[in-house]
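The values are calculated or read from the model by the stated rules, or taken from the named source; none is laboratory data. Predicted, not measured: the structure shown is a model, and the values here were computed from it. Positions of Cβ are generated from backbone atoms using ideal geometry, with glycine treated the same way; all protein chains shown enter the neighbour counts. When the accessible area is computed, the model is the full protein with side chains, heavy atoms only, and any ligands, DNA or RNA have been set aside. Shrake-Rupley method; radii C 1.70, N 1.55, O 1.52, S 1.80 Å.
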Amino acid sequence: MRRPGAVRLGQPLTGRACHDARMSAHELVIRGGTLVDGNGGEPVVADVAVDDGLITAVGSDVGSGRRELDADGAVVAPGFVDIHTHYDGQATWDERLLPSAWHGVTTVVMGNCGVGFAPVVPEHQQRLIDLMEGIEDIPGTALHEGLSWEWLSFDDYLTELERRPHDIDFATQVPHAALRVHVMGERAESGRAATGDDIAAMAKLARAGVEAGALGFTTSRTLNHRSVTGELTPSYDAGTDELAGIAAELGAADKGVLQLVTDFVDVDVDFDVMLAMMRASGRPLSVSLAQSPLAPQTYLEVLRRIAEANAEGLQMRAQVASRGVGLLMGLPCTLHPFMTNPVWRRVEGMPIREQVEAMRDPSFKEQVLAAQTKEKNANLIGGRLIDKYHVMFEMTDPPNYEPDASESVAARAAREGRTPEDLVYDLMLADGGQAMLYVTSLNYADGNLDAVHTMLTDPHTVPGLSDGGAHVGTICDVSFPTTLLEHWTRDRDRGRIPLQFVVQRQARDTARAVGLLDRGVIAPGYKADLNVIDMDRVRLRRPEMRFDLPGGGRRLLQRADGYLHTFVSGVEIYRDGEPTDDLPGRLVRGAQPAPSSAA
Ligand SMILES: [Zn+2]
């Protein structure tokens, strides 16, 4: 294994090292690894000692451990913190928050984009499922089977989440759509203004949520967010008075962060809303940002405005992706180019094996191609992109997330002298019909990831948008942290980013962005959430479809190689991608203070 430019430490890194090392052995010592501590400094070779879930010593003389792990040549990094996930349902029925935990992630924050399942009254449960199913592409049947609905208030929901141990830590946020439905009932539709009483009631519930332990309040203003029945998300055009009114109550509680997703179609309007929320509350805000193919320069304007807001003293961050926000299409997925084709639809309900058998018949293929329509599915996220062959690529193994335009389905078909439909039909039949296509929808307007480089390295951004637990039939971006390691620090042919920078961003900075000051750094007193990584072996595998959600629902999963050991609170949870029997992950209630030693 390669040791990336590390120097061995002659002295313990900290004064607290060895405080009790000579008296008794540490619970765990990770020895001789290349420490990338989350603070952004040069990697150094050092030992890390762990006791009672915390890091207790870092240096070259930390004493012995009852378990000693030889990390020579490997990178030792803090566990990653993913602040943009949608495990709100999964966390209630599944003790494993996969696929996040396969990518070095030790804390996830869910409840983003204004959708979630609490607070709720029984008559609104179906509506919240419809919203989650439509907005986040989580099968309604899985939600019906999986959710116990043993809660009403947000606090009850947290109590239900706490009943079950998990592999990694997780935290919640209060979702605006649930508040709107709770307070406004039938009136909770987009375009319907909240009254002063409605706003006061929502603000009170948001405050109760953060006081119970939610990390913040989230909302959505994107046209992409529709319920499964096509209805726009209830928060879509909520007024500034409503959003600032709710935010102000978090300010009064002096707790919580604000999260928002929007299309930035009108940057002025969006900034008016966000600045009003921040000024009314004094709370930090983060907003999702990606390069739109329709307005490829807008993200630069947004970054400029965010810098201005920070100059004004407001804590504003953009959450940015580490690659294109890519759609996966194919027979196992929600979307593919023939999904609206009247001939193909004859095989739609069949198991994939039988679909493949039927599709291999040349006369069936001929009929399908002859009947191919331009019809899209406008209600599904990505439904308009099913025939965008110039940005559609074969998903290879290992995946290539920065493909060249010459490899697109359109370009290949032109070279081969056939139609894109003819080529894509054959591509979909590979691997027994499990083959997938990768469609670069956002962040790829330049035909490369240069815009992503700009966003990732901007001073006011943090990695986000992985959407873990969501879009399970269309998107598998949970592997963003591994792309940071693999592509951005190692494999990209130009514009690479130092390892210590991406680790700082994905661990310490994301944790701080949501108020978790107790993690994301390797230093005494911090939580012992740790990764031991073989940087030479880090590699994403190809996404795969599994049918293991409640009710047999499907979901995309993606594994990675190179994560040798992942620890949560000092307990090993995964070893080379395989789970241990331990489940040390807990619900994190509320912001967490920095260790007193971290002054
Ligand atoms: Zn989201």
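Worth a mention:
- The accessible area of residue 539, taken with all protein chains in place and a 1.4 Å probe, comes to roughly 80 Å².
- Summed residue charge, Cβ within 11 Å of residue 529's Cβ, Lys/Arg positive, Asp/Glu negative: 0
- Among 107-113, 319-325, sorting by the average number of other beta carbon atoms lying within 10 angstrom of each residue, highest first, gives 107-113, 319-325.
- The range 518-561-the range 468-517 distance, computed between alpha-carbon centres (Å): 11
- Positive minus negative residues near residue 154 (Lys, Arg vs Asp, Glu; Cβ under 12 Å): -2
- The shape of the range 389-533 can be summarised by an equivalent ellipsoid whose semi-axes, obtained from the alpha carbon gyration tensor, come to 35, 17, 13 Å from longest to shortest.
- Straight-distance candidates among the lysines for linking to residue 204, with alpha-carbon spacing under 19 Å and chain neighbours fewer than 8 residues away dropped: 255.
- For the range 19-101, the list of trypsin sites (Lys or Arg not before Pro) that fall in a loop by DSSP and count at most 14 other C-beta atoms within 10 angstrom reads 22.
- Long-range amide H partners of residue 218 with built H, under 5 Å: 114, 174, 176, 259
- When the range 341-381 is reduced to its Cα atoms, the Kirkwood hydrodynamic radius in Å: 11.1
- Taking 42, 394 and ordering them by how much accessible surface each has at a 1.4 Å probe, largest first, produces 42, 394.
- Alpha-carbon centroids, the range 315-389 and the range 195-266: separation in whole Å: 34
- Beta bridge orientation in the chain: antiparallel %, DSSP, nearest 5: 55
- Mean accessible surface per residue for the chain, computed with a 1.4 Å probe while every protein chain stays in place, in Å²: 36
- Considering only 447, 41, 502, the residue lying farthest towards the positive end of the dipole of the chain is 41, judged by Cα position with unit charges set on Cβ.
- Taking all pairs of distinct alpha-carbon atoms in the range 142-241, Kirkwood radius in angstrom: 14.8
- For the chain: rounded, prolate or oblate by the Cα gyration tensor [a/c cutoff 1.5]: oblate
- Of the peptides 461-467, 568-574, 547-553, the ranking by mean beta-carbon count within 10 Å, highest at the top, reads 461-467, 568-574, 547-553.
- The range 388-446 shape via C-alpha gyration tensor axes, a/c threshold 1.5: oblate
- Each Lys and Arg contributes +1 and each Asp and Glu -1, all at the Cβ; summed about the Cα centre of the range 46-109, the dipole is approximately 120 debye.
- Shown here for the range 231-340: GluC sites (Glu not before Pro) in loop regions (DSSP other than H, G, I, E, B) with at most 15 other Cβ atoms within 10 Å, namely 312.
- Put a dot 7 Å past the Cα of residue 457, heading toward its Cβ, do the same for residue 223, and the two dots end up 3.3 nm apart.
- Relative contact order (%) - the chain, alpha-carbon pairs under 8 angstrom, separation at least six: 21
- Top positive-direction residue, dipole computed over the chain with Cβ charges, set 550, 202, 282: 282
- Taking a straight line from the alpha carbon of residue 376, these lysines sit under 22 Å away, with near neighbours fewer than eight places off in the same chain left out: 365, 388.
- Anisotropy class of the range 239-354 from Cα gyration tensor, a/c 1.5 cut: prolate
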